[in-house]
Amino acid sequence: MGACFLLFSYFLVVFASLPSFSPVYADANLTQPSFTPINLDLYHSSNDLIEQIKALVHRHPDKLTVETIKAGNKGYEAEITVVTYCQSRKESDDRSKFRILLSFGQHGRELITSELALQILSILSEEQFLHNMEGASLNSIFENVVIKIVPMENLNGRKLVEAGDLCERRNGRGVDLNRNWSVDWGKKEKDYDPHEENPGNAAFSEPETQIMRKLAISFDPHIWVNVHSGMEALFMPYDHKNRTPDGLPSHQMRLLLEELNNDHCHKRCMIGSGGGSVGYLAHGTATDYMYDVVRVPMAFTFEIYGDGTASTKDCFKMFNPVDHTTFKRVLNDWSAAFFTIFKLGPHQLDVHSEAGVSNLDKWVSIDEYLDGYLMGRRNRYGKKMEVLDVGMQEIRTYFRLFLLSSVLLLFMFCSRISKTKGSRQIVSTIPL
């Protein structure tokens with residue numbers, strides 16, 4: 001009996017050590033699913049695209065300027081290239097001009113958006129031309145307009161995509177830059193996926209969003225557009241609410257989007273709030289921050305392409321055109337759409353009235369001051385201080401305690417004075 005038990009145990013050990021097998025049917029596909037690679041005949045690499053843009057600026061110094069802004073914290077570094085278009089470079093900081101801020105490539109996998117930025121810059125420099133639009137017409141449109149273009153907001157994330165992670169949308173340390181802004185930051189829906197929507201450990205924890213916030217606040221644009229791919233849509237605020245804003249600005253935004261949909265999107269584009277149209281709410285987005293905090297009168301998110309037939313794992317095909325015909329159609333249609341914005345935008349808004357926004361509405365809160373102003377300060381030796389290392393929550397707390405203690409001390413001082421006055425002996429002027 002003992003020998004049988006030992007023999008049975010031996011067979012169990014041998015069986016457990018064998019590799020596992022699953023039944024294979026005759027018609028089963030034994031190959032791994034194929035994913036579409038980046039089409040290098042259509043798309044520039046990130047380095048090549050930035051170099052092409054810098055070369056374009058070098059050829060047209062009368063209209064274009066370029067700067068590279070760098071930031072970092074806790075060992076993570078990021079840089080963003082910003083191109084400014086103005087017909088007269090000396091007037092690029094003229095606050096009377098109509099100001100437009102465009103951001104492309106916020107998500108690494110959406111390569112088509114940065115290609116669109118390059119084409120728009122090529123048209124602005126008149127190295128390419130739109131159908132039915134001549135150089136003289138462009139000059140009349142841009143006489144009083146300044147445009148800042150960020151062609152690739154998420155360079156570090158883009159490099160991860162180029163290295164083979166074709167579905168990566170986050171930045172170089174795994175944070176979704178379009179969830180890292182302060183409006184309704186950190187709230188998570190039931191279907192929250194950290195691989196897609198990680199908001200970071202605090203609002204503006206990422207150098208990329210810090211750079212973009214400073215750029216937006218200093219430039220103070222009349223129009224903001226955040227350009228994405230994944231579908232065809234023209235979104236206005238809000239992303240974190242299932243509704244659009246009230247009042248005249250909302251009406252003006254919708255009118256402009258409807259014209260773009262009719263003329264350039266061939267009535268295919270979804271129009272409305274991001275939160276009410278997509279089917280899910282997004283918290284901590286750039287467009288909601290631009291509208292609610294920076295007070296940009298017209299703030300948009302555009303989705304310029306999406307292949308609904310692609311597998312959810314075939315990300316390059318899902319977010320980017322893969323054939324030459326579709327590639328050129330997308331670039332031409334959306335370039336024309338942006339030039340319609342450049343043409344109609346100043347007429348939609350009264351620049352001098354700033355769309356009814358008062359200076360009081362432009363004030364920045366204590367939290368925004370601490371997040372934005374202090375973070376970029378330099379010490380007396382020129383070394384950039386990383387305020388995040390101290391902890392923004394602690395700084396806010398200490399600052400508020402300082403304000404509270406100052407108020408209490410002032411109150412006690414005033415009370416002391418009043419008691420002193422009340423305790424003085426009253427000397428009668430009437431002789432007794």
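The values are calculated or read from the model by the stated rules, or taken from the named source; none is laboratory data. On a predicted model such as this, the values are computed, not experimentally measured, just so you know. Positions of Cβ are backbone-derived with ideal geometry, glycine not excepted, and every protein chain shown enters the neighbour counts. Remember, those area values only see protein heavy atoms, side chains included, never the ligands or the DNA or RNA. Shrake-Rupley method; radii C 1.70, N 1.55, O 1.52, S 1.80 Å.
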Once you have a ≥ b ≥ c as the square roots of the Cα gyration tensor eigenvalues for region 194-338, tell me rounded if a/c is under 1.5, and otherwise prolate or oblate according to whether a/b is larger than b/c.
oblate
Along region 295-310, Karplus-curve 3J(HN,Hα) (6.51, -1.76, 1.60; θ = phi - 60°) to the nearest Hz, with x for Gly and Pro, reads 6, 5, x, 10, 10, 10, 10, 10, 10, 9, 6, x, 10, x, 8, 6
Rank these by accessible area, largest first, 1.4 Å probe: ASP165, ASP191.
ASP191, ASP165
Spin-label model distance (nm) - LEU404 vs ARG329, 7 Å beyond Cα toward Cβ
6.1
With a Förster radius of 30 Å, plug the Cβ-Cβ distance of ASN144 and GLN52 into 1/(1 + (r/R0)^6) and report the FRET value to the nearest 0.05.
0.60
Residue by residue through region 176-186, the couplings from Karplus 6.51 cos²θ - 1.76 cosθ + 1.60 with θ = phi - 60°, in Hz, x for Gly and Pro, are 6, 5, 8, 10, 9, 8, 7, 6, 6, 5, x
With each label point set 7 Å from Cα along the Cα-Cβ vector, what nm distance links TYR76 and HIS131?
4.3
Note down the nm distance, to one decimal, between modelled labels 7 Å out along Cα→Cβ at GLU67 and at ARG173.
2.5
Antiparallel bridges, percent of DSSP beta bridges restricted to region 206-319 (to nearest 5):
35
Here the FRET efficiency for ARG95 versus THR312, based on Cβ atoms and R0 = 41 Å and rounded to 0.05, is 0.35
By how many nm would the segment from GLU189 to ARG59 lengthen if fully extended, with 0.36 nm per residue of separation less the alpha-carbon distance?
42.0 nm
Could you give the alpha-carbon Rg of region 81-228 over 2.2 N^0.38 Å, rounded to two decimals?
1.17
Using the structure shown, list the pairs from LYS187/LYS328; LYS74/LYS188; LYS54/LYS187 with a Cα-Cα distance above 31 Å, or answer none.
LYS187/LYS328; LYS54/LYS187
What are the ³J(HN,Hα) couplings of region 251-268, residue after residue, when phi is run through the Karplus curve with 6.51, -1.76, 1.60 and θ = phi - 60°? Round to Hz, x for glycine and proline.
5, 5, 4, 5, 4, 5, 5, 5, 5, 4, 5, 5, 8, 10, 9, 6, 6, 8
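Would you rank VAL322, VAL145 by solvent-accessible area, highest first, keeping every protein chain in place and using a 1.4 Å probe? Display every interim value, and only then the final one.
Numbers: VAL322 50, VAL145 0 Å².
So the residues, ranked largest to smallest area, are VAL322, VAL145.
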Which FRET efficiency, nearest 0.05, do ASP165 and LYS241 yield, Cβ-Cβ r, R0 41 Å?
0.80
